[in-house]
Structure formats: structure tokens, C-alpha cells
1. Just checking, which of Val155, Val193 is among the β-branched types (Val, Ile, Thr) and over 18 Å from Phe266 (Cβ atoms)?
2. Among the candidates Ser163, Ser225, which residue alone is of a type in the set (Ser, Thr, Tyr) and within 30 Å of Gly31 (Cα to Cα)?
3. Which pairs turn up if I take residues in region 141-152 that are under 21 Å from Ala299 (Cα atoms) and look for partners that are of a type in the set (S, T, N, Q) and assigned to a helix (DSSP H, G or I) with beta carbon separation below 8 Å, at least 6 apart in sequence or on another chain?
4. Starting from region 251-262, take each residue that is part of a loop (DSSP other than H, G, I, E, B) and list its partners that are small (Gly, Ala, Ser), counting only C-beta distances under 6 angstrom and pairs at least six apart or across chains.
5. For region 349-362, which positions are in contact (Cβ under 8 Å) with a residue 24 or more places away in the chain and either in contact with a His (Cβ under 8 Å, 6 or more places away or on another chain) or in a helix (DSSP H, G or I) (or both)?
6. I need the full set of residues from region 297-323 which are modelled with pLDDT of 95 or more and assigned to a strand (DSSP E or B), in order please.
7. Among residues belonging to region 363-394 that are part of a loop (DSSP other than H, G, I, E, B) and either small (Gly, Ala, Ser) or over 42 Å from the mean Cα position of the chain (by Cα) (or both), point out the one that is farthest from Leu329 (Cα to Cα).
8. Looking at region 264-308, which of the residues that are of a type in the set (D, E, K, R) and away from the ligand (no atom under 12 Å from the Cβ) is most open to solvent (accessible area, probe 1.4 Å)?
Amino acid sequence: MIQAPRGTFDILPESAAQRRLVEDSADRILGAAGYRRIETPTFEATTLFARGVGEATDIVQKEMYTFDDGGGRSLTLRPEGTAPVCRAYLEHGMRKLAQPVKLWYLGAFFRAEAPQRGRYRQFWQVGAEAIGTDTPETDAELIVLLAELLDAVGVKADRLRLSSLGTPATRAEYREELQAYLHAHEDQLADEVRSRIDLNPFRAFDSGDRGTQAVMRDAPKLLDSLDPADAAHFAQVRALLDDAGLPYELDPMLVRGMDYYTRTVFEFTSSELGAQSGVGGGGRYDGLIELLDGPPTPACGWAAGVERMLLAAGELPHPSELVDLFVALARTGTGEEQRGFELTRQARRAGLQAQLELTGRSLKGQLKHADRLGARFVAIVGDNGVATLKDMESGEQRDTEVENVIPSILRAERLP
Ligand code: HAM
């Protein structure tokens, strides 16, 4: 039997209500803060991610679904949304709009990672980006908005990790300092970390290896080497979060998977999730737009995984669907089908959730089915234009003209 590809999943009707809650909450919370929805294509030119996310990152090195489109162009299924949103910002001349341009998105993303609980090859993200401002208020506001979204969805996010990466210049200096430190402790590092000292020394902070972790505890920290402007920016972000009453932990070891970050970075984690504990995260990326051949344009944003949010929220009671009317067929003659078909269409036009009997069930079977659906009323349509309208709550029933069925239900539903 053909199955869904490894690391992918079907979104079944049972989870529709929960996913709608995520979308509606994002729409309400981000909409109220002036963020407007944007959707970008599912695939983009490969260079967008190679340049935007960074050649040395795991995402670009091992996790992209890249293909030739047949015309010699290399395309990639989007592994993240920030680079595409920045591409769209430039492509549509959004820098001519009043800044910042505040955008949010919800869609599917793709990474060829080893699948496990909370980690998929196709997953969904809701994300927000504020482009064209470098104020610390923007960072703090974005973090607070993500906290509110997680709260609205019922996610128990128990930690907010916060750090600052400074500017690329500070980072370059710090990178050399860190490399020197790692080389001095090479013998205590995991092979994988040692082999990447020159390519990406920051990843050493991410290692699961005990020996490496011990070395990294005493490693020089970027937070201690921020230049005065970056340090002031970070202090203001923290002051605003303090004022907002949002607790966070300073985590100088916080490593994010993309190269575009500058200054503030953050991540919400939930212990409900196990190994893949990151529910949502982001940060400032002041250099990305320039990297994509745009003018210098500071920006900040985040993304949260929809599946991880739902895993961390646990089972929400999903409201059963309301069925106002089930149209059953008396099975006593001909012409019932047409009458039933027409009655169902009219009921829907009148705003009722109406379902027609679509199989060959006996009348008894149909009533049982209507009961299972939770139908409020059943109309049993006969071929003489008369229907028996049954109130499934009280059990009362009476015969009436088919034309009277809908007005009767509307009257009854208005009088509880
Ligand atoms: P990210 O941390 O790579 O950031 O992804 C954001 C969220 O997407 C994660 O916290 C996680 O919930 C979810 N996620 C990532 N990979 C997977 C996966 N394989 N399976 C399931 N869920 C996953 C970004 O993507 C940045 N673009 C965020 C950002 C926006 N930074 C600035 N603006």
C-alpha cells in the first residue's frame, strides 16, 4: 500500500478545529498589532536560501529539497519563511511604504531532517516579520506577541531563552576568539565539533556531547563582548520585557539555525515536547535584506511550528460539529429523492448545516445515523410532499408540508 512519505502526515478532519484555532488566534493577535498577511510561493530559487540562510548552515548543507525544474533552474522547497518574505519585500518595492512593514504568514515548510516526535519533513509555521526598523521596542513587541499567541492556543511554554548576537563585526572578532579557544581544547571535543571549528565554531554550543559541553561552559561568551550600541539595544529589549512581566532566561549559549541573525535572538521552549523542545523562535536580522541586494534595512521576526504548538497544547476538547437537519427518505415511494435533495439545498441556503441521506440505508438505519451525527432535527421526506419532522432532543414528531420544514426549524432554533 502506498503511504505518505516519511516525515510527512495527513491533516485529518479531526484536527481541523485545533488548527483553525491557531490560524484565527494569529489573525486576531497579529492583526490587532497591525501585521498583515502575506503568502509566498512554496518553492523559490535555491540561491535565495543559500545566500539568505547561509551556506554553512545545516539547513542549506543537508536539509533542503532542491530540484532542477527541467529548464536548468535550481529550485528549493522553502525550508523557512524569512528569506522569502524579504525577497517579496524587495520585489514589490515595499520599502517605499511607511516603515516598518509588518507581515505575517502561515504555511507549509520543508526540511529533510531525521523525523521524530515534533520534527517532520513537511511542517507548518506561523510567522511574523517587522521590516524597516531597528528599535528595541520592535523586538520586545514581537516577543510579547508570540507569547500571546502561544497562550491563546493553550501552549504551556515554560521557558523563554533570550540572547544577543551583536553585529557581524563583533561576531567576527568573537568567532576568532572562540576558534582559538576551541583549538586549545581540541582533545576534549567531539569529532564532529572538532571538524567544524573553522566552518562553524558556534555550533559547538549546540553539541550533545558531554566532553564538548564541559569545554563550552568555560568558553568565551558573545554576550560579554557586545559593543556599546548593541549592549544598549539589548538592555532596552530586556527592560521592556521586564515591564511587560514576561519572564525570560539569558542564555548566551542560544544558537539559532540561520546565519542571518544579528542582535536579539530568542526561543520559546516547552518541556511537553521532549527533544524537539523549541516551539517558536526568531530574532533580529539587520543584514539580510542587504545580503539579498537590497538597501540596508533592519528587521526582526519569529516563526512558530504549528504541530509543535498543538503537541505542547495537548488535547483541546474539539467541539463536535453541529448538524441542524438530517434529511431522511421514507422509502415508501418514488420522488422522495428529488424532494429530499431540494430540501437539503434550501436548508443550506437558509444557513442551516444540513445533510442528506446518501446511502441505501433503511429508515431505521437513517435515524440511527442521524443520531450518531448529532443532528438536531430529522425530516423524513415521503413521496406525497409530506415530511415527518422529528425533534431529536425532545423526541417529538409531527407531519408537515415539506415547504414548512425549514421555517419550523428556524422558528424552533430561535426559541431555545
Ligand atoms: P526556526 O527556529 O528554524 O526559525 O523554526 C521556527 C519553528 O518552526 C521552530 O521553533 C519549530 O517549532 C518549527 N520547526 C522547525 N523545523 C521543524 C521541523 N522539522 N518539524 C516541525 N517543526 C519545525 C525559522 O524558521 C526562522 N525563519 C524564524 C524567524 C522568522 N526568524 C526571524 N524571522
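The values are calculated or read from the model by the stated rules, or taken from the named source; none is laboratory data. Because the structure is predicted, anything quoted here is derived from the model rather than measured. Reconstructed Cβ throughout: ideal geometry from the backbone, glycine too, with neighbour counts over all protein chains shown. These area figures cover heavy atoms from the full protein model, side chains too; ligands, DNA and RNA do not enter into them. Shrake-Rupley method; radii C 1.70, N 1.55, O 1.52, S 1.80 Å.
1. Details: Val155 fails: over 18 Å from Phe266 (Cβ atoms).
The unique qualifying residue is Val193.
2. Details: Ser225 fails: within 30 Å of Gly31 (Cα to Cα).
That would be Ser163, the only listed residue that is of a type in the set (Ser, Thr, Tyr) and within 30 Å of Gly31 (Cα to Cα).
3. From residues that are under 21 Å from Ala299 (Cα atoms), the pairs are Leu149/Ser25.
4. Asp251/Ser163; Pro252/Ser163; Leu254/Ser163; Asp259/Gly54; Tyr261/Gly283
5. Step one: filter region 349-362 for residues in contact (Cβ under 8 Å) with a residue 24 or more places away in the chain, giving 350, 352-357, 362.
If the condition is that a residue be in contact (Cβ under 8 Å) with a residue 24 or more places away in the chain and either in contact with a His (Cβ under 8 Å, 6 or more places away or on another chain) or in a helix (DSSP H, G or I) (or both), then Glu357 is the only one that fits.
6. Listed by number, the residues that qualify are Ala299, Cys300, Gly301, Trp302, Ala303, Ala304, Gly305.
7. If we filter region 363-394 for residues that are part of a loop (DSSP other than H, G, I, E, B), which is where we start, we get 374, 382-385, 392-394.
If we keep only those that are either small (Gly, Ala, Ser) or over 42 Å from the mean Cα position of the chain (by Cα) (or both) too, we end up with 374, 382-385, 394.
Working: Gly374: 18, Gly382: 7, Asp383: 9, Asn384: 12, Gly385: 12, Ser394: 21 Å.
By that ranking, first place goes to Ser394.
8. First, the residues of region 264-308 that are of a type in the set (D, E, K, R): 267, 272, 284, 286, 290, 293, 307-308.
Adding the requirement that they be away from the ligand (no atom under 12 Å from the Cβ) leaves 272, 290, 293.
Details: Glu272: 86, Glu290: 97, Asp293: 123 Å².
Top of the filtered list is Asp293.
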